[in-house]
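Beneath this line is the structure, given in structure tokens, with notes to follow.
What follows is calculated from the coordinates using simple rules that are stated; it is not laboratory data. Everything numeric in this text was worked out from a predicted model, so none of it was measured. Backbone-built Cβ (ideal geometry, glycine too); neighbour counts: all protein chains shown.
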Amino acid sequence: MDKKAKNILFKTYWKNGWVSRIYTDPDDFDYAKSKGLMFDPLTISHDQCLVQIHGLLSVISMDKVLKAFLSSLSTRRLDWRSGIASYFIAQQLPPHIYTKVISGQSYDNTGKVTHTSYTCGICRDLKYGIIGNEFYKHIDLNVLNFERIKWGGVRHGHLEYTFFDLQQFQLTEIPEPTAEDITIFTSILEIIESSQSADYPGALEKRLAPVIPSTKDERKVLIEILSCIDILKPASYNRPSRGRGDWIFAESWRGEDKYDKASLEKYFGGYIG
């Protein structure tokens, strides 16, 4: 990854926190774009997006996303890590056309509806609920790329992110996981297995800190990804939450669930002895 282009992308959105005014010098933008890190806005429909996603699924192998996930652990290439969640989400998506359903409404003080928002009902009713709009106009792909490189993606489950993430992943060469990667992954599994029964995902995030180079936000995304691919698999989805909305895929996981051995063997059995 070109360091100068990455710096241009990052300073567009972040300086000790989100910047208040988004601006990229045109020459800087052209440079970052030439290195594949910044992009022109995208306009695409739900149906076109879905066709593109299924096309990408046909050319990306499961082995590649597994290798990318493992290789991300020591290298801290969080964009590699993001791909496995998008791949698993994409596998859930059946071919379909946009099916309009109400996703929310706003009311005035008399109870009159002032605004109605919509989403695709077929996407919504899939596991965890995929967010699919009918049209995407002038999407800022650069903020999506910033988020996937900085944290490993924060919009898994959004149709446009699934498309963009897989599109970029397909262009990426992934190395073989190293012994260090496998050691880190094994340590992560040991931490999960030693969880206390009543632990929430937040407790797991803190306990993972010593075994993987990461920030708090990176560990939260890691836990979400492990939940998305069923390594962290709740015994029940009917559990109370703490109401802060901090988690999506990991919301129902508790320490008593440990990790799902069948999923681990199915996906990572070739890497974990």
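Assign one of three labels to segment 49-89, namely rounded, prolate or oblate, based on the Cα gyration tensor with a ≥ b ≥ c the square roots of its eigenvalues; rounded applies when a/c is under 1.5, prolate when it is not and a/b is larger than b/c, and oblate otherwise. Before the final figure, lay out the partial values.
Working: a/c = 3.19, a/b = 2.13, b/c = 1.50.
Prolate is the answer for segment 49-89, as a/c is 1.5 or above and a/b outweighs b/c.
Excluding same-chain neighbours fewer than eight residues apart, the lysines reachable from residue 261 by a Cα-Cα span under 16 Å are 233.
A protection proxy built from the mean count of other Cβ atoms within 10 Å ranks the segments 157-168, 101-112, 49-60, most packed first, as 157-168, 49-60, 101-112. A straight Cα-to-Cα reach below 17 Å connects residue 64 with the aspartates and glutamates 79, 165, 173, 176, 181, 265, residues fewer than 8 places away in its own chain not being considered.
Relative protection proxy for 148-155, 197-204, from highest mean packing down: 148-155, 197-204 (other beta-carbon atoms within 10 angstrom).
With neighbour counts taken as other beta-carbon atoms within 10 Å, the residues 29, 10 rank, fewest first, as 10, 29. Within the chain, 49, 228 have no other Cys Cβ under 4.7 Å of their Cβ and so lack a disulfide-compatible partner by this rule.
Provide the three semi-axes, in whole Å and in decreasing order, of the ellipsoid equivalent to the chain as defined by the square roots of 5 times the Cα gyration tensor eigenvalues. List each step's numbers first, then the result.
Working: eigenvalues 168, 132, 76 Å².
Working from the Cα gyration tensor, I get semi-axes of 29, 26, 19 Å.
Residues whose amide H lies under 5 Å from that of residue 131, counting only those 5 or more places away or on a different chain, are 158, 159; hydrogens are built 1.01 Å from N in the peptide plane.
Each residue of segment 156-172 is assigned a 3J(HN,Hα), and the resulting list reads 4, x, 8, 4, 5, 6, 4, 4, 4, 4, 5, 4, 6, 4, 4, 8, 9 Hz, derived from the Karplus form 6.51 cos²θ - 1.76 cosθ + 1.60 (θ = phi - 60°), x at Gly and Pro. Remark: the Cα gyration tensor places segment 126-273 in the oblate category, a/c being 1.5 or greater and a/b not exceeding b/c.
Sum -39500 (n - 2.57) across every DSSP H segment of at least 4 residues in the chain, then divide by the residue count to get the 222 nm mean residue ellipticity, nearest 500. Intermediate results must be reported in sequence, preceding the final value.
Values: 12 runs with 131 residues, N = 273.
Result for the chain, helices only: -14500 deg cm²/dmol.
Rounded if a/c is under 1.5, else prolate if a/b beats b/c, else oblate: with a ≥ b ≥ c from the C-alpha gyration tensor eigenvalues square-rooted, which is segment 40-176? It is prolate, given that a/c is not under 1.5 and a/b is the larger ratio. For the residue pairs 6/33; 11/35; 127/216; 150/258; 150/216, the alpha carbons lie more than 18 Å apart in 127/216; 150/258.
Across the chain, Cα pairs under 8 Å and at least six residues apart give a relative contact order of 20 percent.
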